[in-house]
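Everything below concerns the one structure shown next.
The values are calculated or read from the model by the stated rules, or taken from the named source; none is laboratory data. These figures come from a predicted structure and were not determined experimentally. Every residue, glycine as well, gets a Cβ built from its backbone with ideal geometry; the counts of neighbours run over all protein chains shown. Quick note on the areas: whole protein, heavy atoms, side chains included, nothing else; ligands and nucleic acids left out. Shrake-Rupley method; radii C 1.70, N 1.55, O 1.52, S 1.80 Å.
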Amino acid sequence: MTKELNELKSDIEPFRMELLAHPLYSELNSLEAIQIFMKQHIYAVWDFMSLLKALQINLTSVELPWRPSGSASTRRLINEIVLGEESDLDKSGNPVSHFELYLKAMEQIGLDTAEVLSFVQRSDLNTVKSDLEHLTISKNTIDFVSFTFQKIKENKPHELAALFTFGREDLIPDMFIEIVKTVEKQTGNSLSDLIYYLERHIEVDGGEHGPMSLQMIQELCGNDELKWYEATQVSIDALKMRMHLWNGVLKEIKSVPVLI
(Lines give C-alpha, C1' and ligand atoms only; values in the text may rest on other atoms or scores of the structure.)
Protein backbone atom coordinates (compact mmCIF):
# COMPACT_ATOMS: atom_id res chain seq x y z
CA MET A 1 0.00 0.00 0.00
CA THR A 2 1.43 3.37 -1.01
CA LYS A 3 2.07 6.29 1.33
CA GLU A 4 -0.66 8.31 -0.42
CA LEU A 5 -3.24 5.57 0.05
CA ASN A 6 -2.35 5.20 3.72
CA GLU A 7 -2.77 8.95 4.18
CA LEU A 8 -6.16 8.90 2.45
CA LYS A 9 -7.37 6.05 4.68
CA SER A 10 -6.13 7.87 7.77
CA ASP A 11 -7.90 11.10 6.76
CA ILE A 12 -11.27 9.40 6.26
CA GLU A 13 -11.12 7.00 9.21
CA PRO A 14 -12.92 9.27 11.73
CA PHE A 15 -15.85 9.65 9.31
CA ARG A 16 -15.90 5.92 8.60
CA MET A 17 -15.93 4.99 12.29
CA GLU A 18 -18.70 7.49 13.01
CA LEU A 19 -20.78 5.92 10.26
CA LEU A 20 -20.22 2.36 11.49
CA ALA A 21 -21.40 3.45 14.95
CA HIS A 22 -24.55 5.16 13.62
CA PRO A 23 -27.55 4.78 15.96
CA LEU A 24 -29.69 3.57 13.05
CA TYR A 25 -28.45 0.00 13.43
CA SER A 26 -29.72 -0.40 16.98
CA GLU A 27 -33.14 0.87 15.87
CA LEU A 28 -33.54 -1.87 13.26
CA ASN A 29 -35.08 -4.10 15.90
CA SER A 30 -38.46 -4.79 14.32
CA LEU A 31 -39.82 -6.00 11.01
CA GLU A 32 -41.41 -2.60 10.40
CA ALA A 33 -38.09 -0.79 10.98
CA ILE A 34 -36.32 -3.12 8.55
CA GLN A 35 -39.03 -2.52 5.95
CA ILE A 36 -38.59 1.26 6.30
CA PHE A 37 -34.82 0.84 5.94
CA MET A 38 -35.04 -1.36 2.85
CA LYS A 39 -37.55 0.88 1.07
CA GLN A 40 -34.97 3.71 1.18
CA HIS A 41 -31.79 1.65 0.90
CA ILE A 42 -32.78 -0.05 -2.35
CA TYR A 43 -32.04 3.25 -4.15
CA ALA A 44 -28.51 3.23 -2.72
CA VAL A 45 -28.09 -0.35 -3.96
CA TRP A 46 -29.25 0.74 -7.41
CA ASP A 47 -27.05 3.83 -7.67
CA PHE A 48 -24.10 1.71 -6.48
CA MET A 49 -24.63 -0.46 -9.58
CA SER A 50 -24.76 2.71 -11.71
CA LEU A 51 -21.51 3.94 -10.15
CA LEU A 52 -19.91 0.59 -10.91
CA LYS A 53 -20.97 0.76 -14.56
CA ALA A 54 -19.68 4.34 -14.83
CA LEU A 55 -16.28 3.03 -13.79
CA GLN A 56 -16.47 0.19 -16.29
CA ILE A 57 -17.38 2.61 -19.09
CA ASN A 58 -14.41 4.80 -18.18
CA LEU A 59 -11.85 2.04 -17.77
CA THR A 60 -12.74 -0.46 -20.48
CA SER A 61 -13.82 -0.42 -24.11
CA VAL A 62 -17.62 -0.54 -24.43
CA GLU A 63 -17.87 0.89 -27.96
CA LEU A 64 -17.64 -0.62 -31.42
CA PRO A 65 -15.25 -1.30 -32.96
CA TRP A 66 -13.36 -2.49 -29.89
CA ARG A 67 -10.06 -0.81 -29.07
CA PRO A 68 -7.71 -1.31 -26.12
CA SER A 69 -8.56 1.24 -23.41
CA GLY A 70 -6.37 2.39 -20.55
CA SER A 71 -4.38 -0.02 -18.39
CA ALA A 72 -4.97 -3.74 -18.93
CA SER A 73 -4.52 -4.23 -15.19
CA THR A 74 -7.21 -1.69 -14.35
CA ARG A 75 -9.52 -3.21 -16.98
CA ARG A 76 -9.18 -6.60 -15.34
CA LEU A 77 -9.83 -5.16 -11.87
CA ILE A 78 -13.07 -3.43 -12.80
CA ASN A 79 -14.32 -6.33 -14.92
CA GLU A 80 -13.73 -8.74 -12.02
CA ILE A 81 -15.75 -6.46 -9.73
CA VAL A 82 -18.54 -6.10 -12.28
CA LEU A 83 -18.71 -9.89 -12.64
CA GLY A 84 -19.32 -10.26 -8.91
CA GLU A 85 -21.79 -7.40 -8.52
CA GLU A 86 -23.77 -7.78 -11.74
CA SER A 87 -23.86 -11.58 -11.97
CA ASP A 88 -23.24 -13.08 -8.54
CA LEU A 89 -24.97 -16.31 -7.45
CA ASP A 90 -28.12 -16.52 -5.37
CA LYS A 91 -28.76 -19.12 -2.67
CA SER A 92 -29.67 -21.68 -5.33
CA GLY A 93 -26.60 -21.02 -7.47
CA ASN A 94 -28.40 -18.97 -10.11
CA PRO A 95 -26.72 -15.85 -11.60
CA VAL A 96 -28.19 -12.61 -10.24
CA SER A 97 -27.13 -9.02 -9.62
CA HIS A 98 -26.91 -7.69 -6.08
CA PHE A 99 -29.71 -5.26 -6.95
CA GLU A 100 -31.97 -8.17 -7.90
CA LEU A 101 -30.95 -10.03 -4.74
CA TYR A 102 -32.09 -7.04 -2.73
CA LEU A 103 -35.41 -6.82 -4.58
CA LYS A 104 -36.02 -10.48 -3.77
CA ALA A 105 -35.30 -9.77 -0.10
CA MET A 106 -37.78 -6.89 -0.17
CA GLU A 107 -40.48 -9.08 -1.68
CA GLN A 108 -39.87 -11.76 0.93
CA ILE A 109 -40.89 -9.39 3.72
CA GLY A 110 -43.92 -8.02 1.90
CA LEU A 111 -42.58 -4.82 0.36
CA ASP A 112 -43.97 -3.63 -2.97
CA THR A 113 -41.11 -3.19 -5.46
CA ALA A 114 -43.24 -1.75 -8.30
CA GLU A 115 -42.22 1.86 -7.64
CA VAL A 116 -38.48 1.28 -7.68
CA LEU A 117 -38.70 -1.03 -10.72
CA SER A 118 -40.74 1.55 -12.65
CA PHE A 119 -38.23 4.27 -11.71
CA VAL A 120 -35.26 2.18 -12.82
CA GLN A 121 -36.88 1.38 -16.17
CA ARG A 122 -37.83 4.94 -17.10
CA SER A 123 -35.06 7.08 -15.59
CA ASP A 124 -31.91 8.15 -17.42
CA LEU A 125 -28.80 10.14 -16.60
CA ASN A 126 -30.48 13.47 -17.26
CA THR A 127 -33.76 12.81 -15.48
CA VAL A 128 -32.64 10.92 -12.35
CA LYS A 129 -32.99 13.85 -9.96
CA SER A 130 -36.40 15.01 -11.21
CA ASP A 131 -37.68 11.42 -11.36
CA LEU A 132 -36.56 10.84 -7.77
CA GLU A 133 -38.61 13.80 -6.58
CA HIS A 134 -41.82 12.07 -7.68
CA LEU A 135 -41.16 8.97 -5.55
CA THR A 136 -42.39 8.20 -2.05
CA ILE A 137 -38.90 8.30 -0.55
CA SER A 138 -37.24 10.73 1.84
CA LYS A 139 -35.41 13.89 0.81
CA ASN A 140 -32.26 12.41 2.36
CA THR A 141 -32.44 9.47 -0.04
CA ILE A 142 -32.96 11.83 -2.98
CA ASP A 143 -29.93 13.87 -1.85
CA PHE A 144 -27.82 10.73 -1.57
CA VAL A 145 -28.61 9.41 -5.04
CA SER A 146 -28.32 12.88 -6.57
CA PHE A 147 -24.82 13.23 -5.11
CA THR A 148 -23.76 9.95 -6.71
CA PHE A 149 -25.10 10.93 -10.12
CA GLN A 150 -23.53 14.37 -9.92
CA LYS A 151 -20.16 12.64 -9.51
CA ILE A 152 -20.98 10.27 -12.36
CA LYS A 153 -21.72 13.29 -14.59
CA GLU A 154 -18.46 15.01 -13.57
CA ASN A 155 -16.80 11.81 -14.80
CA LYS A 156 -13.42 11.84 -13.04
CA PRO A 157 -12.36 8.17 -12.89
CA HIS A 158 -10.14 8.58 -9.81
CA GLU A 159 -13.02 10.23 -7.91
CA LEU A 160 -15.47 7.54 -9.01
CA ALA A 161 -13.06 4.85 -7.86
CA ALA A 162 -12.65 6.53 -4.46
CA LEU A 163 -16.40 7.02 -4.11
CA PHE A 164 -16.93 3.36 -4.97
CA THR A 165 -14.22 2.09 -2.63
CA PHE A 166 -14.52 4.28 0.45
CA GLY A 167 -18.02 5.67 0.18
CA ARG A 168 -19.87 2.49 -0.68
CA GLU A 169 -17.94 -0.69 0.05
CA ASP A 170 -17.23 -2.18 3.49
CA LEU A 171 -19.77 -0.02 5.35
CA ILE A 172 -22.14 -2.65 6.74
CA PRO A 173 -21.13 -3.67 10.26
CA ASP A 174 -21.30 -7.37 11.16
CA MET A 175 -23.69 -6.54 13.99
CA PHE A 176 -26.34 -5.58 11.43
CA ILE A 177 -26.63 -9.21 10.35
CA GLU A 178 -27.02 -10.35 13.97
CA ILE A 179 -29.79 -7.75 14.50
CA VAL A 180 -31.64 -9.00 11.42
CA LYS A 181 -31.30 -12.61 12.59
CA THR A 182 -32.71 -11.64 15.99
CA VAL A 183 -35.72 -9.95 14.37
CA GLU A 184 -36.27 -13.06 12.24
CA LYS A 185 -36.39 -15.25 15.37
CA GLN A 186 -38.61 -12.87 17.32
CA THR A 187 -41.18 -12.30 14.59
CA GLY A 188 -41.20 -15.68 12.89
CA ASN A 189 -40.88 -13.90 9.53
CA SER A 190 -38.24 -15.29 7.21
CA LEU A 191 -35.53 -12.76 6.42
CA SER A 192 -33.26 -15.32 4.78
CA ASP A 193 -32.92 -13.39 1.51
CA LEU A 194 -31.83 -10.21 3.29
CA ILE A 195 -29.41 -12.16 5.48
CA TYR A 196 -27.93 -13.83 2.40
CA TYR A 197 -27.55 -10.45 0.67
CA LEU A 198 -25.79 -8.94 3.69
CA GLU A 199 -23.51 -11.93 4.22
CA ARG A 200 -22.62 -12.06 0.54
CA HIS A 201 -21.99 -8.32 0.42
CA ILE A 202 -19.63 -8.44 3.40
CA GLU A 203 -17.88 -11.54 2.06
CA VAL A 204 -17.29 -10.02 -1.38
CA ASP A 205 -16.16 -6.63 -0.03
CA GLY A 206 -13.71 -8.07 2.44
CA GLY A 207 -12.39 -11.02 0.52
CA GLU A 208 -12.30 -9.96 -3.11
CA HIS A 209 -13.41 -6.49 -4.07
CA GLY A 210 -11.72 -4.53 -1.29
CA PRO A 211 -8.12 -5.24 -2.36
CA MET A 212 -9.06 -4.86 -6.04
CA SER A 213 -10.64 -1.46 -5.40
CA LEU A 214 -7.58 -0.22 -3.50
CA GLN A 215 -5.32 -1.27 -6.35
CA MET A 216 -7.60 0.50 -8.82
CA ILE A 217 -7.35 3.78 -6.87
CA GLN A 218 -3.57 3.52 -6.72
CA GLU A 219 -3.37 3.03 -10.48
CA LEU A 220 -5.77 5.87 -11.26
CA CYS A 221 -4.21 8.42 -8.89
CA GLY A 222 -0.60 7.40 -9.47
CA ASN A 223 1.78 10.15 -8.32
CA ASP A 224 -0.64 13.00 -8.96
CA GLU A 225 -1.08 14.98 -5.72
CA LEU A 226 -4.23 16.72 -6.97
CA LYS A 227 -5.89 13.40 -7.78
CA TRP A 228 -5.09 12.05 -4.31
CA TYR A 229 -6.51 15.21 -2.74
CA GLU A 230 -9.68 14.97 -4.82
CA ALA A 231 -10.01 11.25 -4.04
CA THR A 232 -9.77 12.04 -0.32
CA GLN A 233 -12.34 14.83 -0.47
CA VAL A 234 -14.90 12.82 -2.45
CA SER A 235 -14.47 9.93 -0.01
CA ILE A 236 -15.20 12.21 2.94
CA ASP A 237 -18.18 13.75 1.14
CA ALA A 238 -19.49 10.27 0.32
CA LEU A 239 -19.27 9.15 3.95
CA LYS A 240 -21.10 12.31 5.03
CA MET A 241 -23.81 11.62 2.45
CA ARG A 242 -24.19 8.05 3.73
CA MET A 243 -24.60 9.52 7.21
CA HIS A 244 -27.26 11.84 5.76
CA LEU A 245 -29.03 8.85 4.22
CA TRP A 246 -28.97 6.93 7.51
CA ASN A 247 -30.25 10.02 9.37
CA GLY A 248 -33.25 10.13 7.06
CA VAL A 249 -34.05 6.46 7.62
CA LEU A 250 -33.64 6.85 11.39
CA LYS A 251 -35.97 9.86 11.42
CA GLU A 252 -38.65 7.91 9.56
CA ILE A 253 -38.36 4.92 11.90
CA LYS A 254 -38.68 7.15 14.97
CA SER A 255 -41.72 8.90 13.49
CA VAL A 256 -43.75 5.69 13.49
CA PRO A 257 -46.18 5.67 16.46
CA VAL A 258 -45.44 3.06 19.10
CA LEU A 259 -48.45 0.84 19.82
CA ILE A 260 -48.99 0.27 23.55
Criterion (part of a helix (DSSP H, G or I), under 30 Å from T232 (Cα atoms), over 18 Å from the mean Cα position of the chain (by Cα) and of a type outside the set (D, E)) met by exactly one of L220, L160: L220
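Inside the stretch 10-46, can you point out the residues that are in a helix (DSSP H, G or I), of a type outside the set (D, E) and open to solvent by 70 Å² or more (accessible area, probe 1.4 Å)?
Passing the criteria: S10, P14, M17, S26, K39.
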Residue within the stretch 9-23 that is touching a helix residue (DSSP H, G or I) at 6+ places or on another chain (Cβ under 7 Å) and of a type in the set (S, T, Y) present: no
Checklist (1) in a helix (DSSP H, G or I); (2) over 17 Å from the mean Cα position of the chain (by Cα); (3) modelled with pLDDT of 95 or more; (4) charged (D, E, K, R) applied to D112, failing item: (1)
Matching residues in the stretch 47-74 - criterion: being open to solvent by 50 Å² or more (accessible area, probe 1.4 Å) and over 28 Å from I236 (Cβ atoms): V62, E63, L64, P65, W66, R67, P68, A72
Tally of residues being outside any helix (DSSP H, G or I) and modelled with pLDDT of 90 or more across the stretch 58-75: 7
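Has the stretch 99-110 got any residue that is open to solvent by less than 60 Å² (accessible area, probe 1.4 Å) and without any contact (Cβ under 8 Å) to a residue 12 or more places away in the chain?
Scanning the stretch 99-110, I find no residue that is open to solvent by less than 60 Å² (accessible area, probe 1.4 Å) and without any contact (Cβ under 8 Å) to a residue 12 or more places away in the chain, so the answer is no.
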For Q121: the one exception among (1) more than 30 Å from E18 (Cβ to Cβ); (2) crowded, with 19+ Cβ neighbours inside 10 Å: (2)
Unmet criterion (only one of (1) open to solvent by less than 70 Å² (accessible area, probe 1.4 Å); (2) at pLDDT below 95; (3) over 16 Å from the mean Cα position of the chain (by Cα); (4) not small (G, A, S)) for P211: (1)
Among residues of the stretch 163-181, those that are assigned to a loop (DSSP other than H, G, I, E, B) and touching a residue at least 60 places away in the same chain (Cβ under 8 Å), counted: 4
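Among the candidates E159, E154, single out the residue that is under 29 Å from T60 (Cα atoms), at pLDDT 95 or above and buried (at least 21 other Cβ atoms within 10 Å of the Cβ).
Exactly one of E159, E154 is under 29 Å from T60 (Cα atoms), at pLDDT 95 or above and buried (at least 21 other Cβ atoms within 10 Å of the Cβ), namely E159.
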Qualifying position, being in a helix (DSSP H, G or I), open to solvent by less than 70 Å² (accessible area, probe 1.4 Å) and without any contact (Cβ under 8 Å) to a residue 24 or more places away in the chain, among I78, I142: I142
